[in-house]
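The structure appears below as structure tokens.
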Amino acid sequence: MEALGDLQAAVEAIHEHTHAPLAICAQSVLGGLSLVLQGHADIRLPTGSKRPLSLFLITIAESGARKSAVDGHALKSIYDFEKQLQEQYDRDHLQYVNQRALWDLDRKQILKESQSKKKRVEAENDLHALGDEPEAPLVPMLVCPEPTFEGYCKLTAVGQPSMGLYSAEGGSFIGRYGMSADHRLRTAAGLSSLWDGDPIKRVRVTDGTTILPGRRLSLHLMAQPEV
């Protein structure tokens, strides 16, 4: 506990409120802090290489150990901020839809007029002046409890670059598609690559090529021993 420094008070407060074991409280606080910090800084190892501040944590606890209650307290500020992002997203998304509709109309009109050879150069200038399509607001999810790795990759392409995979019912992630016998190795390799700070690189027939640098993921799964 002494090694937690200023975090010790937060851990003890959650422990007193929930009566959960101190170890569970400490894990949840460290997991939440990891999500808060990982998008702002990296750590330089003694070897000189840089790595994300992301933590991958597993907590094993019996049923009734107050796992959900602990996470509710430790991650409250994160969930509050996520709610603020959702409210901002709802406002920004309506504006984006309207801007995109007008942009599409303008582009179609320019392309229609470009069918005349005399106006082709003028159309090229108009397309340049029109600029890139409006950017959609980022999906406001910070905590994702049970994604497949493929699902996470698609989400982070349109969502927050810094996220947490947290679940007080870790069996819901461990027992699902991404951790089945056929996909376990792929999921583990993908998570390991993220923990190293590597960019996400995907080549798919349906989605084409995707390169996503700078993505950060923290993980904290709580599960019962039998899981």
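Only the coordinates and a few stated rules stand behind these numbers; no lab work does. Note that the structure is a prediction, hence the values are computed from the model and not measured. Here the Cβ is made from the backbone with ideal geometry for all residues, glycine too, and neighbour counts use every protein chain on show.
Going Cα to Cα from LYS83, which aspartates and glutamates come in below 17 Å? Please leave out same-chain ones fewer than 8 positions away.
Excluding near neighbours in sequence, the set is ASP71, ASP92.
Out of ARG51, ARG204, ARG216, any idea which swings most in a Gaussian network model of the chain, alpha carbons joined below 10 Å?
Looking only at ARG51, ARG204, ARG216, the biggest GNM fluctuation is shown by ARG204.
If I compute Rg/Rh (Cα atoms, Kirkwood Rh) from the structure I just sent, which labelled value in (i) 0.93; (ii) 0.99; (iii) 1.10 lines up?
Working out Rg/Rh (Cα atoms, Kirkwood Rh) from the coordinates points to (iii).
For every other residue with a beta carbon closer than 15 angstrom to the beta carbon of ALA157, add +1 if it is Lys or Arg and -1 if Asp or Glu, then tell me the sum.
Summing Lys and Arg as +1 and Asp and Glu as -1 gives +3.
Net charge around ALA10, counting only other residues with Cβ within less than 12 Å of its Cβ (Lys, Arg = +1; Asp, Glu = -1)?
So the environment of ALA10 carries a net charge of -2.
Go through 132-143, 64-75, 159-170 and give me the packing order, highest mean Cβ count within 10 Å leading.
159-170, 64-75, 132-143
Treat every Asp and Glu Cβ in segment 7-85 as -1 and every Lys and Arg Cβ as +1, leave all other atoms uncharged, and give the resulting dipole magnitude about the Cα centre to the nearest 20 debye.
Value, rounded to 20: 280 debye.
Have a look at CYS25, LEU35, PRO137 and report the one farthest towards the positive end of the charge dipole of the chain, computed about the Cα centre with Cβ charges (Lys/Arg +1, Asp/Glu -1).
PRO137
Rank GLY164, LEU111, GLY214 by how far each Cα sits towards the positive end of the charge dipole of the chain (+1 on Lys, Arg Cβ; -1 on Asp, Glu Cβ) and give me just the farthest.
It is LEU111.
Measuring from the lowest to the highest alpha carbon on each principal axis, how far does segment 141-227 reach, largest first, in angstroms?
39, 27, 21
Could you work out the local net charge near LEU75, counting Lys and Arg as +1, Asp and Glu as -1, over the other residues with Cβ closer than 15 Å to its Cβ?
Charge balance near LEU75 sits at 0.
Between LYS119 and GLN86, what's the calculated FRET efficiency when r is the beta-carbon distance and R0 is 45 Å? Round to 0.05.
Efficiency at R0 = 45 Å is approximately 0.50.
Listed highest first by mean packing, meaning other Cβ atoms within 10 Å per residue, what order do 22-32, 147-157 come in?
Descending packing order for the listed peptides: 22-32, 147-157.
Taking the alpha-carbon distance from LYS67 and a cut-off under 18 Å, which aspartates and glutamates remain once sequence neighbours fewer than 8 residues away in the same chain are dropped?
In chain and number order, the partners are GLU12, GLU16, GLU146, GLU169, GLU226.
Kindly write out, for segment 61-73 in residue order, the coupling ³J(HN,Hα) from the Karplus curve 6.51 cos²θ - 1.76 cosθ + 1.60 (θ = phi - 60°), rounded to whole Hz, with x marking Gly and Pro.
Result, rounded to whole Hz: 8, 5, 4, x, 7, 6, 4, 5, 5, 5, 4, x, 7.
Write down the percent of antiparallel bridges among all DSSP beta bridges whose residues are both part of the chain, to the nearest 5.
Roughly 40 percent of the DSSP beta bridges within the chain come out antiparallel.
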